[in-house]
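A.B. asks: Handing you this structure, nothing more for now.
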Amino acid sequence: MGAMLWWDQLRAGSSEVDWCEDNYTIVPAIAEFYNTVRGGREGPRAGHSRGLRGRVWRLPGHGLLCIFLLRCENLRVYKLGLFSGLWWMLALFCWISDKAFCEIWSSFNFPYLHCVWHILICLAAYLGCVCFAYFDAASEIPEQGPVIKFWPSERWAFIGVPYVTLLCAHKKSPVKIT
């Protein structure tokens with residue numbers, strides 16, 4: 001019974017919020033005008049107000065990641081970067097599909113692509129950040145042996161949470177920072 005109540009919240013038309021972004025567009029150049037105005041008043045949604053700008057800034061970030069990956073010799077980091085790109089492309093597909101066909105998706109009782117966009121872009125951004133953390137450590141402190149590991153264990157490499165760690169963290173860098 002409890003699961004049924006939870007599922008009822010996802011039923012089409014159960015939300016008081018109209019999730020189609022096009023219904024809030026006032027000027028085509030401003031994708032989320034309504035969210036921008038509301039975001040200034042409502043703290044929790046302030047991050048959402050940077051919608052289009054945030055999407056545009058991700059392009060150079062993933063372009064830079066591709067450049068770094070072309071020079072990367074670490075297969076684990078390379079694969080992580082490829083997964084970041086895959087999630088980013090799927091997220092972009094969801095966002096464009098939601099933006100262009102929101103009414104059609106809603107007619108199939110599936111107005112959730114914008115939510116899927118947020119989940120996938122979060123994954124892509126996190127994996128990209130881990131890759132950049134590795135690249136930074138590999139260029140700044142290569143003597144400390146930066147590696148990618150997965151939490152909770154290495155056996156969970158496909159679904160675990162990746163992070164950068166240093167194999168030789170006890171070694172001091174030869175460059176003295178003052």
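A.B. asks: Of the numbered conditions (1) under 30 Å from residue 16 (Cβ atoms); (2) touching a residue at least 60 places away in the same chain (Cβ under 8 Å), residue 62 satisfies every one except a single condition; which is it?
C.D. replies: (1)
A.B. asks: Which residue, of 116, 164, is of a type outside the set (Lys, Arg) and under 20 Å from residue 71 (Cα atoms)?
C.D. replies: Numbers: 116 fails: under 20 Å from residue 71 (Cα atoms).
Only one candidate passes the filter, namely 164.
A.B. asks: For the stretch 150-173, does any single residue satisfy the condition of being under 30 Å from residue 8 (Cα atoms) and surrounded by fewer than 17 Cβ atoms within 10 Å (Cβ to Cβ)? Walk me through it before giving the result.
C.D. replies: First, the residues of the stretch 150-173 that are under 30 Å from residue 8 (Cα atoms): 159.
Within this subset, residues satisfying the condition of being surrounded by fewer than 17 Cβ atoms within 10 Å (Cβ to Cβ) are 159.
Yes, some residue in the stretch 150-173 is under 30 Å from residue 8 (Cα atoms) and surrounded by fewer than 17 Cβ atoms within 10 Å (Cβ to Cβ).
A.B. asks: A further question on this structure: I need the full set of residues from the stretch 139-153 which are touching a Cys at 6+ places or on another chain (Cβ under 8 Å) and without any contact (Cβ under 8 Å) to a residue 24 or more places away in the chain, in order please. So that I can check it myself, show each step before the final result.
C.D. replies: The first filter runs over the stretch 139-153 and keeps only residues touching a Cys at 6+ places or on another chain (Cβ under 8 Å), leaving 143-145.
Answer for the stretch 139-153, where residues must be touching a Cys at 6+ places or on another chain (Cβ under 8 Å) and without any contact (Cβ under 8 Å) to a residue 24 or more places away in the chain: just 145.
A.B. asks: From the list 92, 113, which one is out of contact with any helix residue (DSSP H, G or I) (no Cβ under 7 Å at 6 or more places or on another chain), more than 19 Å from residue 157 (Cα to Cα) and crowded, with 18+ Cβ neighbours inside 10 Å? Walk me through it before giving the result.
C.D. replies: Numbers: 113 fails: out of contact with any helix residue (DSSP H, G or I) (no Cβ under 7 Å at 6 or more places or on another chain).
Exactly one of 92, 113 is out of contact with any helix residue (DSSP H, G or I) (no Cβ under 7 Å at 6 or more places or on another chain), more than 19 Å from residue 157 (Cα to Cα) and crowded, with 18+ Cβ neighbours inside 10 Å, namely 92.
A.B. asks: Can you find, within the stretch 148-178, the residue that is modelled with the highest pLDDT among those that are of a type in the set (Lys, Arg) and either closer than 16 Å to residue 83 by Cβ or in a loop (DSSP other than H, G, I, E, B) (or both)? Can you show your working first?
C.D. replies: The initial filter retains those residues of the stretch 148-178 that are of a type in the set (Lys, Arg), namely 149, 155, 171-172, 176.
Next, from what is left, pick out any that are either closer than 16 Å to residue 83 by Cβ or in a loop (DSSP other than H, G, I, E, B) (or both): 149, 171-172, 176.
On the way: 149: 94, 171: 61, 172: 62, 176: 56.
Among those residues, the one meeting the criterion is 149.
Results for (1) in contact with a strand residue (DSSP E or B) (Cβ under 6 Å, 6 or more places away or on another chain); (2) assigned to a loop (DSSP other than H, G, I, E, B); (3) surrounded by fewer than 18 Cβ atoms within 10 Å (Cβ to Cβ), shown as yes or no for each residue.
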position	(1), (2), (3)
86	no, no, yes
104	no, no, yes
119	no, no, yes
124	no, no, no
131	no, no, no
138	yes, no, no
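The values are calculated or read from the model by the stated rules, or taken from the named source; none is laboratory data. Every value quoted in this text rests on a predicted model; they were computed, and no experiment measured them. Please note: Cβ atoms are built from the backbone with ideal geometry, for glycine as well, and neighbour counts cover all protein chains shown.
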